[in-house]
Amino acid sequence: MWRYASSLPLEKPEEKVSFGEGWTPLVREEWNGMNLFLKLDYACPTGSYKDRGMAYLVSRLRDQGISEVIEDSSGNAGASMAAYCARAGIRCRVFVPAYTSEGKCVQVASYGADLERVPGSREDTTRAAEKAAETVFYGSHNWSPWFAHGIKTFAFELWEQLGFTAPEAVLLPAGQGSLVLGCALAFEELLSSGEIETLPKIFALQPKNCAPLEEAFRKGSPSPERVEKRETIAEGISSAEPVRGRDVLAAVRKTGGAVLSFSDREIWDGFVKLARRGYFVEPTSAIVGAAAEMLSRDGSVGGKRPVAAVLTGSGLKGSGKILSLFSSPPED
């Protein structure tokens, strides 16, 4: 991703914290007539797209002399933060919900970070981390502008891999919405520099069991309200209180896109369709399969112009949960 370093300024660029993340494969798939391109960001070093944001965020933290951080996460960001802090020599303490997949928790602990499992909701985890951060630097990826700028590199890669053109639309899993914010940043920069003529439509995708952004979008509200969430197989995007929800909604609306929600059954069906094509992703990522299925059949986007979708996390992180879902899939 550092091929785009000029858009990611560092005081000491030669000291960036990196595992060589980025430049992940872009694979074309024909999907019910849709010209779909899958961005395999689960091929990043720790198995999720979060490595892009963490590489830049942790580089900036080390630039500023930060020696210890606290992070809260549903799993992938915590694993990524732990890995990059290990490389940077920064002590790391990661708070996760107690229900977080064991594969992600094992990653956090293996990298040497202190793992704190918090009973209750994802929001309870954030509050516990904020309390602990009264005396330690709070490295929250959800609040950090540096994180979103690292994430935007996936969209620069899309543009370059598609022959320096923008897709018609981009399908993105959305909990807190870092992918949406990064995508908007990248394509707005490309538009303002004259590299593209129009912004691609952004489709932010949420599980019906926790869809504050979708509810706000549907109601025409400028910002989301807190929702009472139910358990969902898409644990990575189960965020009842997206802290930058107003920015996420504004980004989607500016592009003429939409926020869509899908049932656990639809998400599971998306997982199976992706797996049968050779893509092993965690259920959170599989929501793009559900979206591709719906949009390709109703003709909202697609045809000859490319549509891109990001596969965000490896199925190896949630293999236990996936095995149980094959035995007992979600009901309609």
Item to check | Solvent-accessible area of LEU40 with every protein chain in place, 1.4 Å probe, in Å² to the nearest 10 | outcome: 20 Å²
Checklist entry - Using a Gaussian network for the chain with springs between C-alpha atoms less than 10 Å apart, which of these wobbles most: GLY320, GLY150, GLY163? => result GLY163
Next on the checklist: Under a Cβ-only charge scheme (Lys and Arg +1, Asp and Glu -1), can you give me the dipole magnitude of the chain about the Cα centre, in debye to the nearest 20?
Outcome noted: 220 debye
Checklist entry - Sequence-distant or interchain residues sharing an amide H contact under 5 Å with GLU282, placed H: which? => result GLY313, SER314, GLY315
Checklist entry - How much accessible surface area, in Å² rounded to 10, belongs to the heavy atoms of ARG305 with a 1.4 Å probe? => result 110 Å²
Item to check | Calculated from backbone phi, Karplus (6.51, -1.76, 1.60) coupling profile of region 204-221 in Hz, x at Gly/Pro | outcome: 8, 10, 10, x, 4, 6, 7, 9, x, 5, 5, 5, 5, 5, 5, 7, x, 7
Item to check | Heavy-atom accessible area per residue - the chain, 1.4 Å, Å² | outcome: 39 Å²
Item to check | Residue-wise HN-Hα coupling along region 157-162, computed from phi with Karplus coefficients 6.51, -1.76, 1.60 (Hz; x: Gly, Pro) | outcome: 5, 3, 4, 5, 5, 8
Item to check | Helical mean residue ellipticity (222 nm; -39500 (n - 2.57) per DSSP H run of 4+; nearest 500) of the chain | outcome: -12000 deg cm²/dmol
Item to check | Residues whose placed amide H lies under 5 Å from that of SER261, excluding near-sequence neighbours | outcome: GLN206
Checklist entry - Of ARG127, ARG276, ARG297, which is the most mobile in a GNM of the chain whose springs link Cα atoms less than 10 angstrom apart? => result ARG276
Checklist entry - Classify region 170-249: rounded, prolate or oblate, from the alpha-carbon gyration tensor (a ≥ b ≥ c, eigenvalue square roots; a/c under 1.5 rounded; otherwise prolate if a/b is larger than b/c)? => result prolate
Checklist outcome for this item: The farthest towards the positive end of the charge dipole of the chain, of the residues SER296, GLY120, GLN206, given +1 on Cβ of Lys and Arg and -1 on Cβ of Asp and Glu, is SER296
Item to check | Sites GLN64 and LYS273 - FRET efficiency at Förster radius 41 Å, r taken between beta-carbons, to 0.05 | outcome: 0.40
Checklist entry - Per the 1.4 Å probe, what fraction of the accessible area of the chain, in percent, lies on carbon and sulfur atoms? => result 49 percent
Checklist outcome for this item: Treating only Lys and Arg (+1) and Asp and Glu (-1) as charged, each at its beta carbon, one finds that region 167-325 has a dipole about its Cα centre, in Debye to the nearest 20, of 280 debye
Item to check | Residue with peak Gaussian network fluctuation, the chain [Cα springs, cutoff 10 Å], from PRO45, PRO119, PRO200 | outcome: PRO119
Checklist entry - Given (i) 54, 17, 15; (ii) 39, 22, 19; (iii) 28, 24, 19, which label gives semi-axes √(5λ) of the Cα gyration tensor in Å as computed from the coordinates? => result (iii)
Item to check | Net dipole in debye of region 29-90 [+1 Lys, Arg Cβ; -1 Asp, Glu Cβ; about Cα centre; nearest 20] | outcome: 220 debye
Checklist outcome for this item: Whole-Hz Karplus couplings 3J(HN,Hα) for region 224-241, θ = phi - 60° and coefficients 6.51, -1.76, 1.60, Gly and Pro as x, run x, 9, 4, 10, 8, 8, 10, 4, 9, 6, 8, 4, x, 10, 9, 10, 7, 10
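The values are calculated or read from the model by the stated rules, or taken from the named source; none is laboratory data. Since the structure is predicted, the reported quantities are computational estimates derived from the model, not experimental observations. Because the Cβ atoms are built from the backbone with ideal geometry, glycine has one as well, and the counts that use them run over all protein chains shown. Note: accessible area is taken over every heavy atom of the protein model, side chains too, but ligands, DNA and RNA are not part of it. Shrake-Rupley method; radii C 1.70, N 1.55, O 1.52, S 1.80 Å.
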